[in-house]
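Novice: Handing you a structure now.
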Amino acid sequence: QVQLAETGGGLVQAGGSLRLSCTASGSILILNEMAWYRQAPGKQRELVGSITKSGSPNYADSVKGRFTISRDNARYTLYLEMNSLNAEDTAVYYCNAVIMSTSEWRAREYWGQGTQVTVSS
């Protein structure tokens, strides 16, 4: 089995920072593109940022300049450094990854369970 697990969520004051981590585990053959999504109450899930296997990042306009996405392929881990947080950043953050396992010939999309980020004023 292949699993994604997020850590690092919590409560932070506006203007503060937080760092999220997502680690993939299981029978991984190829870990392709990875991404962070978020979903606020009553809102649609949205893409926060993504990063290719080689490390090329992309960001949503709402977080550009404030968030940094990175990955450590040797540790199968995705990171999201969040700075200058505001109330609009409050959401459940989900890890997403395209993975090919050692027992399957096609790549599949996997999701983590999510981690809550709450920004207070």
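The values are calculated or read from the model by the stated rules, or taken from the named source; none is laboratory data. Bear in mind that the values here come from a model prediction, so they are computed numbers and not experimental data. No Cβ is skipped: glycine too gets one built from the backbone with ideal geometry, and neighbour counts run over all protein chains shown. Note: accessible area is taken over every heavy atom of the protein model, side chains too, but ligands, DNA and RNA are not part of it. Shrake-Rupley method; radii C 1.70, N 1.55, O 1.52, S 1.80 Å.
Novice: Collect residues whose amide H, placed 1.01 Å from N in the peptide plane, falls under 5 Å from the amide H of Leu85; neighbours closer than 5 in sequence don't count.
Specialist: Gly15, Gly16
Novice: Continuing with the same structure: What is the list of residues in region 44-84 whose amide nitrogen lies under 20 Å from a point 7 angstrom out from the Cα of Gln116, following Cα to Cβ?
Specialist: 44-46, 82
Novice: Tell me, what % of the accessible area of region 1-102 is carbon and sulfur with a 1.4 angstrom probe?
Specialist: Numbers: 2420 of 5180 Å².
Of the solvent-accessible surface of region 1-102, carbon and sulfur hold 47 percent.
Novice: While we're here: Enter the accessible area per residue of the chain (Å², integer; probe 1.4 Å; all protein chains in place).
Specialist: Details: 6660 Å² over 121 residues.
I get 55 Å² per residue for the chain.
Novice: Given a cut-off of under 8 Å on Cα pairs at least six residues apart, what relative contact order in percent is computed for the chain?
Specialist: Relative contact order comes out at 36 percent.
Novice: I would also like to ask the following. Give me the accessible area of Lys53, 1.4 Å probe, in Å² rounded to the nearest 10.
Specialist: Spelled out: Lys53, probe radius 1.4 Å, area about 110 Å².
Novice: Can you give the log10 of the normalised intensity I(q)/I(0) at q = 0.10, 0.23 Å⁻¹, computed with Debye over equal Cα scatterers of the chain?
Specialist: Each listed q corresponds, in turn, to -0.29, -1.33.
Novice: Another one. Hey, how many Å between the Cα centroid of region 1-31 and the Cα centroid of region 42-94?
Specialist: 10 Å
Novice: Sticking with this structure for a sec: When the dipole is taken about the Cα centre of the chain, and only Lys, Arg (+1) and Asp, Glu (-1) are charged at their Cβ, what size is it in debye, to the nearest 20?
Specialist: On the way: 11 positive and 10 negative charges, 21 e Å.
Around 100 debye, computed over the chain.
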